[in-house]
1. Just name the residue that is nearest to residue 71 (Cα to Cα) out of those in the range 154-177 that are over 13 Å from the mean Cα position of the chain (by Cα) and modelled with pLDDT under 90.
2. Starting from the range 65-85, take each residue that is more than 16 Å from residue 157 (Cα to Cα) and list its partners that are assigned to a helix (DSSP H, G or I), counting only C-beta distances under 6 angstrom and pairs at least six apart or across chains.
3. Can you work out which of the residues in the range 119-134 that are crowded, with 20+ Cβ neighbours inside 10 Å and more than 12 Å from residue 167 (Cβ to Cβ) is farthest from the chain's Cα centre (by Cα)?
4. Pick out the one residue from 75, 64, 88 that is at pLDDT below 95, buried (at least 16 other Cβ atoms within 10 Å of the Cβ) and in contact with a helix residue (DSSP H, G or I) (Cβ under 6 Å, 6 or more places away or on another chain).
5. Starting from the range 154-170, take each residue that is closer than 23 Å to residue 89 by Cβ and list its partners that are at pLDDT 95 or above and crowded, with 21+ Cβ neighbours inside 10 Å, counting only C-beta distances under 6 angstrom and pairs at least six apart or across chains.
6. Scanning the range 86-105 for residues that are without any contact (Cβ under 8 Å) to a residue 40 or more places away in the chain and within 20 Å of the chain's Cα centre (by Cα), which turns out farthest from residue 149 (Cα to Cα)?
7. Look at residue 116 and say whether it is farther than 19 Å from residue 158 by Cβ, crowded, with 16+ Cβ neighbours inside 10 Å and under 18 Å from the mean Cα position of the chain (by Cα).
8. What pairs can you find where one residue is in the range 124-137 and closer than 16 Å to residue 61 by Cα, the other is assigned to a loop (DSSP other than H, G, I, E, B) and modelled with pLDDT under 95, and their Cβ atoms are less than 8 Å apart, with a gap of 6+ or different chains?
């Protein structure tokens, strides 16, 4: 019962939490992500999330689209987003509350960025730029699949990943695959 309440709280809070960024940024070219990730075992999400949290939206979107979502690890070592549902349930009450808050905060940033990617895809559709829209929606779908297929994904990430996959597929349907 405790885990059901916590999961419900987390799901509701995801929609309400914020990660502290709002401004638009420059359009710098993203780094060679695949090579950097392979050499440094940098979490795949880190470059895009860092740019997003710094308010550099344009760069964050470019990095997101350029990211190889098959790479691992997705998140930093020790991140609450790496916990499986069973690992989360096994935490003592005090630790589970702290981890739940960390999950809410981290997933909020992921949600904001992925929503911005989806909106950029819709904006490209509205402008008639099918190629650009396809890039955004394909990357969003790959990210959603990566969240669902990571080692021992937590329930919230699996559900959210499936939602992103569905949102991306709906966007791709608007432009024709």
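The values are calculated or read from the model by the stated rules, or taken from the named source; none is laboratory data. Given the structure is predicted, the values throughout are model-derived calculations rather than measurements. A quick note on method: Cβ atoms are made from the backbone with ideal geometry, for glycine too, and the neighbour counts reach across all protein chains shown.
1. Going through the qualifying residues, I end up with 154.
2. Once the first residue is more than 16 Å from residue 157 (Cα to Cα) and sits in the range 65-85, its partners that are assigned to a helix (DSSP H, G or I) give 65/135; 65/139; 66/33; 67/33; 68/34; 71/37.
3. First pass over the range 119-134, keeping only residues crowded, with 20+ Cβ neighbours inside 10 Å: 120-121, 124, 133.
Remaining after also requiring more than 12 Å from residue 167 (Cβ to Cβ): 120, 124, 133.
Numbers: 120: 15, 124: 20, 133: 18 Å.
The residue in question is 124.
4. On the way: 64 fails: at pLDDT below 95; 88 fails: in contact with a helix residue (DSSP H, G or I) (Cβ under 6 Å, 6 or more places away or on another chain).
Matching residue, one of 75, 64, 88: 75.
5. So the pair list comes out as 161/144.
6. Among those residues, the one meeting the criterion is 101.
7. Working: farther than 19 Å from residue 158 by Cβ: yes; crowded, with 16+ Cβ neighbours inside 10 Å: yes; under 18 Å from the mean Cα position of the chain (by Cα): yes.
So residue 116 passes the test.
8. Close Cβ pairs satisfying both conditions: 134/177.
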